[in-house]
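Just so it is clear, none of the values below were taken in a lab; they were calculated from the coordinates. No experiment lies behind these values; they were computed from the predicted model shown. We place every Cβ from the backbone using ideal geometry, glycine too, and count neighbours over all the protein chains shown.
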Amino acid sequence: MNVFAAAARPRSLRHVVALAAAVITTVGLSACGGAETAPAAAPPATVTTAAPVATAAPVSDPASATVLAGTRYYLGMTDQEAVIHAVRGDVDQVTARISLGKGSCVRNTITISPYGERLAWVEGGANEDAGTLVTSMIDGSRRRTVERAAPFRGTANCLGSNPLVWNTNDLLMVQDGRRSVLIDVADNKPADGDAGNETLKWWSADGRNWAAVSEGKPYATGGSKASFYHYTPPKAEAAHYDGWRVRSVSMDGRYVAVGWMNTDVSRNDGSFAVVDTTTGKAAKLPVNGEVKSIQFAADGKVLVRQASRIVVLDPGFRQIGEVAEPQEVQQLTLLAYAP
C-alpha cells in the first residue's frame with residue numbers, strides 16, 4: 001500500500017505525522033539514534049524583544065518576475081539584529097527584525113518555514129548551547145515562546161548543523177538535549193506523534209518525503225518505500241569538514257541537496273551537490289562555477305544559487321531561466337523561496 005496515496009492536504013499536521021510513522025513502520029527502520037545528536041541542553045535564557053520593521057526599496061531584477069514569480073526570503077545580520085528580507089518582483093522589503101541578544105543562538109538558528117509563513121529561532125545567553133524556542137509569523141507578529149510540556153523539556157539546542165528543521169509550515173523539529181521533538185507551531189505545543197530517532201533529518205517542502213540517517217546509513221523516502229544509499233563526496237574538500245548532511249529534499253523524495261558540516265558551531269546553510277538516492281551518484285547540473293546552495297522549492301523548481309545569480313531548473317534539472325540577484329542581497333543567506 002502507498003501510505004502517501006490518501007494525502008488530501010499536504011500541510012495537514014496530524015496527517016503528516018501519521019505518514020511519518022507509517023513509512024518508518026513499513027520500511028522497518030531502526031529506532032536507535034546516532035552520534036550526530038546535539039549535546040545536552042542548558043537552562044533557558046531570558047527572552048528579548050523582537051520588533052518587526054517594514055521598509056521597501058526597488059531592486060533591478062526584472063527576470064525574477066517571470067522565472068521566480070514568488071517570494072525569496074533572505075537573512076541579513078547587523079551587530080544587533082537578524083534582518084529578514086522578502087524579495088518579490090522588483091521590491092526588496094524588510095519584513096522583520098529580530099534582536100540577536102547575547103551569544104550565538106539567534107544568529108545560528110533563525111529560520112523560515114518552506115512556504116514562507118513562519119519564523120522560528122532560539123534565544124540563549126552568552127556561551128549557552130541551548131535556549132528558549134520562539135516562533136512568529138513571517139512579519140514578526142504573533143510572537144510566542146514555546147513553553148515546557150512533555151515530551152518537550154522547554155529548551156532547544158541552538159548550536160551545530162541546522163538545529164531547527166521544518167516539516168511543512170506547521171511542524172518544527174528541534175533537538176531537546178539528545179532527543180528530537182516535533183513542535184506544533186500553530187498550537188504552540190509539542191505535536192502528536194514521534195519525531196523518530198533518526199539523525200540529520202530533513203523533509204520535502206510538503207512534508208510527504210524526507211531524508212535522514214539510521215544507524216549511520218543515509219536513506220530517503222519516496223512514495224511508500226525508503227532507499228538506503230551510499231554517497232562519497234569529493235575527496236579534495238572532504239577532509240576539511242566534519243562530514244556532510246542533507247539540506248533540501250525534492251518533492252518526490254528521490255533527490256537530495258547535500259552540504260558540508262563545518263567543524264565549528266557557526267551557521268552553515270550551503271550545499272554543493274544534488275545526489276540521486278536511488279544510485280548514490282551526484283546528478284549533473286547545467287551550471288558552471290562554484291555553487292553556494294541548492295534548494296528544491298514547493299512548486300518543483302530547483303534553485304541553484306551562485307555568486308550573483310540563481311539558475312532555475314525544472315524537476316528534470318533542465319534550465320528554465322536565471323535570475324541576477326540584486327547586489328543588496330548577494331551576500332545574504334537565501335533561507336527559502338515561496339511560490
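When the alpha carbon coordinates of the stretch 218-266 are projected onto the principal axes, the ranges are 36, 22, 12 Å, largest first. Our note on the geometry: Cα centres of the stretch 269-339 and the stretch 71-128, 21 Å apart. In order along the stretch 191-197, the Karplus-derived 3J(HN,Hα) couplings, from 6.51 cos²θ - 1.76 cosθ + 1.60 at θ = phi - 60°, round to 7, 5, x, 10, 6, x, 9 Hz, and Gly and Pro are given as x. The lysine pair count for the stretch 158-316, using Cα distances under 23 Å and pairs eight or more places apart or on different chains, is 18.
Show me 291-297, 235-241 ranked by packing, highest mean number of other Cβ atoms within 10 Å first. Each step should come with its number before you reach the end.
Working: 291-297: 21.7, 235-241: 9.4.
Answer by packing, highest mean first, reads 291-297, 235-241.
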